[in-house]
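What follows is a set of notes on a single structure, which appears directly below.
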Amino acid sequence: VNTPELVHTVSAVRDAVAAARRRGQAIRLVPTMGALHAGHTSLIGRARADGGFVAVSIFVNPLQFGPSEDFAAYPRDLEGDVAAVARAGGDLIFAPSVEEMYEAIPSLTRVSVAEITEPLCGAARPGHFDGVATVVAKLFAIFEADTAYFGQKDAQQLAVVRRMAQDLSFRTAVVACPTIREADGLAMSSRNAYLTAQERAAAPTLYRALRAAADLVHAGEREPAALRVKLMEVLSSEPRLDVEYAEVRDAGTIERIGTIDGDVLVAVAARLGRARLIDNIVLHVHGDDVDVEAGEIKGDL
Ligand code: AMP
């Protein structure tokens, strides 16, 4: 197991990236907020497989948390994260302080992506995606990576980051990676640590709802409204869940769709105890042909 270099400043990143470039290596970036789990390490593994210099950023970005959200409580475990990055084959960890990243909070400069940030999670978390777009733009400017890796788990974030990188002409290509799940289907998330044992037992209901919606499409259903009804039926069978949304959208633009065709995002969000959980699947529908992209089960049974 290699030991990744741990740096805390932008200038140290620039030195390490320049050295890697001189060695002829491509630069791979995996942005995270730490408390790393198998979802994160799968991104690092994909970066490693692509070859070159693999950097992982660990930064709990205050800009993307609302005033009543869990910024202070968000799990932090740099020691555990360093070990996880080492096992996954990362070369560099960038763990800056808030002061290193921002002159002042709120920062004067924000990167704001319109339209695709408005529905779904954007509706419940005003300003969240501007915070994400701003920090990812900064990371792209700092690393000038060839590729950066993002999880399909955060489908709307992926769409926002893709659009931001394109609109601002970053050289970095955005690579989407599958959602990694526990054995019972629950999408891995640092926030799953907030769940009590009873809540944890209820949490796979999100995935069950998504699978039930996919089954309808397999059976020939093409009406978005019918899927929404099915999603709500399964979600509301679990009284601990406080459903925020259950929606069917175009996977690329996050726009509403009239019929289920092409690349379709089926996405849910719900509060469960202290946690806010999100999950999604993508359906690729071409006539009678239906392909379900639901991620990978990685947890031990
Ligand atoms: P976070 O630390 O939660 O901000 O996530 C950092 C990156 O890991 C984002 O691109 C997430 O989409 C991705 N990620 C988080 N959970 C998972 C998961 N269960 N499977 C795949 N990617 C994930």
Self-check item: Folded to 0 to 90 degrees: helix 78-88 orientation relative to the chain principal axis, Cα
Solution: 80 degrees
Quiz item: Over the stretch 1-61, with a single point scatterer placed on each C-alpha, what log10 of the ratio I(q)/I(0) does the Debye formula yield at q = 0.12, 0.22, 0.23 1/Å?
Solution: -0.30, -1.00, -1.08
Practice problem: Compute the normalised compactness of the stretch 2-128: alpha-carbon radius of gyration over 2.2 N^0.38 Å, N being the residue count. | Solution: 1.15
Practice problem: Could you order peptides 173-186, 45-58 by the average number of other Cβ atoms within 10 Å of their residues, highest first? | Solution: 45-58, 173-186
Practice problem: Roll a 1.4 Å probe over the protein heavy atoms and report the accessible area of PHE150 in Å², nearest 10. | Solution: 10 Å²
Quiz item: How large is the charge dipole for the chain, taken about the Cα centre, if only the Cβ atoms of Lys, Arg (+1) and Asp, Glu (-1) carry charge, to the nearest 20 debye?
Solution: 580 debye
Quiz item: Picking from ASN280, VAL7, ALA176, whose Cα lies most toward the positive end of the charge dipole for the chain (charges on Cβ: Lys, Arg +1; Asp, Glu -1)?
Solution: VAL7
Quiz item: When ligands, DNA and RNA are left out and all protein chains stay put, how many square angstrom of accessible area per residue does the stretch 107-150 have with a 1.4 Å probe?
Solution: 38 Å²
Quiz item: Can you list, largest first and rounded to whole Å, the semi-axes you get for the chain by taking the square root of 5 times each eigenvalue of its Cα gyration tensor?
Solution: 32, 20, 20
Quiz prompt | Most fluctuating residue given options GLU255, GLU247, GLU103, as computed from a GNM of the chain linking Cα atoms under 10 Å | solution = GLU103
Quiz item: Rounded to the nearest 500, what is the chain's calculated 222 nm mean residue ellipticity when only DSSP H runs of at least 4 contribute -39500 (n - 2.57) each, over all residues?
Solution: -10500 deg cm²/dmol
Exercise. Determine the shape class of the stretch 158-258: with a ≥ b ≥ c the square roots of the Cα gyration tensor eigenvalues, call it rounded for a/c under 1.5, and otherwise prolate if a/b is greater than b/c, oblate otherwise.
Key: oblate
Quiz prompt | Proximal aspartates and glutamates to LYS298, defined as alpha-carbon separation beneath 17 angstrom and excluding residues fewer than eight positions away on the same chain | solution = GLU182, ASP184, ASP279
Quiz item: How large is the dipole of the stretch 21-164 about the Cα centre if only Lys and Arg carry +1 and Asp and Glu carry -1, each at its Cβ, rounded to the nearest 20 debye?
Solution: 560 debye
Exercise. Please build a GNM for the chain, connecting alpha carbons under 10 Å apart, and tell me which residue among SER236, SER112, SER11 fluctuates the most.
Key: SER11
Quiz item: How large, in percent, is the carbon and sulfur part of the accessible surface of the chain at a probe radius of 1.4 Å?
Solution: 49 percent
Quiz prompt | Kirkwood estimate for the stretch 87-180, i.e. one over the average of 1/r between Cα atoms, Å | solution = 14.4 Å
Quiz item: So between THR3 and ARG240, what do we pick up on full extension, going 0.36 nm a residue minus the alpha carbon distance?
Solution: 81.1 nm
Quiz item: By a straight-distance test (C-alpha under 25 Å), which lysines pair with LYS230 as possible cross-link partners, with residues fewer than eight away in the same chain excluded?
Solution: LYS153
Practice problem: Working from Cα positions, state the angle (0 to 90°, nearest 10) between the long axis of helix 10-22 and the longest principal axis of the chain. | Solution: 80 degrees
Quiz item: With the dipole of the chain worked out from charges on the C-beta (+1 for Lys and Arg, -1 for Asp and Glu) around the Cα centre, which of PRO239, VAL111, VAL60 lies farthest toward the positive end?
Solution: VAL60
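The values are calculated or read from the model by the stated rules, or taken from the named source; none is laboratory data. Only a predicted model underlies this, so the values are computations on that prediction, with no experimental measurement involved. Every residue, glycine as well, gets a Cβ built from its backbone with ideal geometry; the counts of neighbours run over all protein chains shown. When the accessible area is computed, the model is the full protein with side chains, heavy atoms only, and any ligands, DNA or RNA have been set aside. Shrake-Rupley method; radii C 1.70, N 1.55, O 1.52, S 1.80 Å.
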